[in-house]
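Notes follow the structure.
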Amino acid sequence: QVQLVESGGGLVQAGGSLRLSCAASGRTFSHVAWFRQAPGKDREFVASISWNGLGLHYAESVQGRSTISRDNAENTVNLQMDSLEPEDTAVYYCAATKLSLPSSRPSLYDYWGPGTQVTVSS
């Protein structure tokens, strides 16, 4: 059974940092991504990483402030977020695809975690 579980969310002041983790079980995925969804908004792509850690993609909104990484031995994918802004407030989801190419489209991801809340206060 495939399972993704996020952790590391919480409340932080603007300018602060958080490190989100996604623990995967059941299989190893070629591409894993982070998405986020704020109240009343569509789910949006944040970052993705390939199986070897070399294929990295970031949304423009987090470029330069976030770093995605993975540990295949532990089957975890992490998202380090720095210089957080109130606009980063959202539920953050880890997602994995069976496709061999990365994508920013939520519909192409097969497995999703339940999400972790990130709240950035001004």
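Give me the strands (runs of 3 or more DSSP E) completely within segment 63-122, filtered to those with at least 1 residues that are small (Gly, Ala, Ser), ordered by residue number.
Working: elements: 66-71, 76-81, 90-97, 116-121.
Once the strands (runs of 3 or more DSSP E) in segment 63-122 are filtered for at least 1 residues that are small (Gly, Ala, Ser), what remains is 66-71, 90-97, 116-121.
Which ones in segment 83-105 are at pLDDT 95 or above and within 23 Å of residue 1 (Cα to Cα)?
Within segment 83-105, 92, 93, 94, 95 qualify.
Is there a residue in segment 4-13 that is over 15 Å from residue 118 (Cα atoms) and without any contact (Cβ under 8 Å) to a residue 24 or more places away in the chain?
no
What single numbered condition from (1) surrounded by 17 or more Cβ atoms within 10 Å (Cβ to Cβ); (2) in contact with a Lys or Arg (Cβ under 9 Å, 6 or more places away or on another chain); (3) at pLDDT below 95 fails to hold for residue 110?
It fails just one condition, (1).
State the number of residues belonging to segment 1-56 that are crowded, with 18+ Cβ neighbours inside 10 Å, among the hydrophobic types (A, V, I, L, M, F, W, C) and not in a loop (DSSP other than H, G, I, E, B).
Residues that pass the stated criteria total 13.
Among residues belonging to segment 70-98 that are touching a residue at least 60 places away in the same chain (Cβ under 8 Å) and under 15 Å from residue 30 (Cβ atoms), point out the one that is surrounded by the fewest Cβ atoms within 10 Å (Cβ to Cβ).
Ranking the qualifying residues of segment 70-98, first place goes to 98.
Being surrounded by fewer than 19 Cβ atoms within 10 Å (Cβ to Cβ) and in contact with a Phe, Trp or Tyr (Cβ under 9 Å, 6 or more places away or on another chain) narrows it down to one of 117, 63, so name that one.
Numbers: 63 fails: in contact with a Phe, Trp or Tyr (Cβ under 9 Å, 6 or more places away or on another chain).
Exactly one of 117, 63 is surrounded by fewer than 19 Cβ atoms within 10 Å (Cβ to Cβ) and in contact with a Phe, Trp or Tyr (Cβ under 9 Å, 6 or more places away or on another chain), namely 117.
The values are calculated or read from the model by the stated rules, or taken from the named source; none is laboratory data. Predicted model, so just to flag it, every value in this text is computed and none were measured. Cβ coordinates were reconstructed from backbone atoms using ideal geometry, including for glycine residues, and neighbour counts include every protein chain displayed.
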